[in-house]
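Reviewing the structure listed below.
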């Protein structure tokens with residue numbers, strides 16, 4: 001029974017398989033067809049009534065067709081050229097991202113293009129928003145090659161890679177001067193100072209190429225304006241000192257406003273004095289440590305004055321240089337000024353005749369910015385001292401006719417100020433005595449009061465009573481000599497309006513401050529007695545002259 005039942009079950013299975021396969025054996029292909037066949041409708045047997053299952057209806061024709069999006073009308077070559085300036089302004093000058101440029105051009109100018117198209121077009125135009133490290137290193141040499149190739153043109157335009165005129169060049173405060181002027185690890189800081197040096201070079205060579213400056217320049221052509229520039233420079237620094245040291249803000253701004261008004265008049269000569277930019281920037285650096293806002297306003301005021309003169313003016317290169325500096329941070333301005341001055345002076349001296357008096361004037365002016373930087377703590381005073389010693393060696397080696405007048409003596413007085421700032425008592429004393437014994441001071445005795453004032457101030461700071469007592473009779477003799485010279489017509493300035501009388505007052509004041517009251521009283525009595533004797537001598541001379549006139 002069991003075997004028969006199994007055989008019957010097997011026959012049933014075979015019959016079912018044959019019916020499903022159409023009477024053929026279930027090959028591999030038939031198995032696959034059976035597996036993929038759709039399921040039968042409910043209640044319908046696969047082989048019922050001998051009917052084959054109907055395939056599903058075909059999809060409608062409209063669903064079978066793939067619809068393409070409408071064709072986009074991208075910008076053609078002529079449209080690219082027509083909108084080129086707008087694209088360059090957005091991407092390069094305004095430094096917008098490429099997606100923003102695409103959106104603005106599409107919405108405002110109906111200019112349609114993909115970012116890939118923009119990149120391809122930028123390569124065709126040769127545009128690049130950011131420079132690689134290698135480009136930053138090679139930029140200065142490229143500018144120099146371009147300058148040497150077109151030097152005769154006298155062009156004063158900066159390199160094409162320069163930042164746009166309206167972009168502020170603020171950067172984080174730079175490291176100290178000892179870290180180097182141009183750190184190799186940060187080539188992006190090279191660009192701004194290198195552009196200023198490039199403009200300085202174009203400025204000098206441009207004015208020589210058009211004949212406004214000559215190799216044998218006559219220094220007397222600028223003497224009148226130079227006197228006004230020196231007076232302006234002293235007044236501007238005085239205004240800054242009145243704010244910082246004395247707190248006289250209202251009076252100080254009255255002085256500074258007058259300097260702003262006079263500035264335009266200093267720039268009315270047909271050709272700028274080569275020393276003009278030195279004094280302007282020296283005044284800026286003198287006040288930059290304590291009054292940075294005033295310095296920024298001052299430089300921008302100069303930029304506006306020079307801009308109004310136009311590109312055809314000989315002062316236009318100064319506009320380019322100061323415009324660059326006006327957009328630096330105060331830290332970068334201070335840090336890069338030494339390199340700018342050294343480059344500018346070297347370029348000037350390479351064009352002027354070494355035997356010309358103007359070369360001596362240029363060498364002397366080299367000390368002004370260094371002195372200001374030292375007095376304001378922007379460079380170590382020891383560095384300024386070494387610089388002035390080299391400067392004095394050059395001036396003293398020049399003929400007297402070349403250095404002209406009192407320039408060597410003034411440079412020595414500036415070095416004396418540096419020693420006073422350093423509080424180097426021994427160096428200060430030795431240098432002061434050297435100046436008092438110098439032949440330059442004998443030729444220009446009116447500078448003797450400056451020396452005594454510095455010596456008195458130094459002795460007061462050092463609480464040196466012996467030095468004050470030693471200087472007292474020397475100052476008195478100087479004042480008596482000054483009074484006798486003025487009375488004899490050899491010196492027109494009266495004693496009451498001179499620095500000699502100020503030195504005399506300082507002697508008495510400092511003696512009293514150091515509790516030398518008896519010595520101060522004795523000094524005053526001796527001076528009054530000396531002046532009375534001088535007056536009696538003058539009255540006797542007047543009487544003798546009158547008697548001689550009557551007798552004649």
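A short reminder: the numbers here are calculations on the coordinates, not readings from a lab. In this text the structure is predicted, and so the values were computed from the model without any measurement. Glycine also receives a Cβ, built like all others from the backbone with ideal geometry; neighbour counts cover every protein chain displayed.
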Checklist entry - If we count other beta carbons within 10 Å of each Cβ, what is the order of 279, 318, fewest first? => result 279, 318
Checklist outcome for this item: Most exposed to least, judged by fewest other Cβ atoms within 10 Å, 356, 264 sort to 264, 356
Checklist entry - In whole Å, what is the distance between the alpha-carbon centres of segment 278-331 and segment 207-240? => result 16
Checklist entry - When a footprinting reagent is the concern and you count Cβ atoms within 10 Å, what order do 124, 104, 277 take, fewest first? => result 124, 104, 277
Checklist outcome for this item: Expressed in angstrom and ordered largest first, the alpha-carbon extents of segment 77-125 along the principal axes are 21, 21, 19
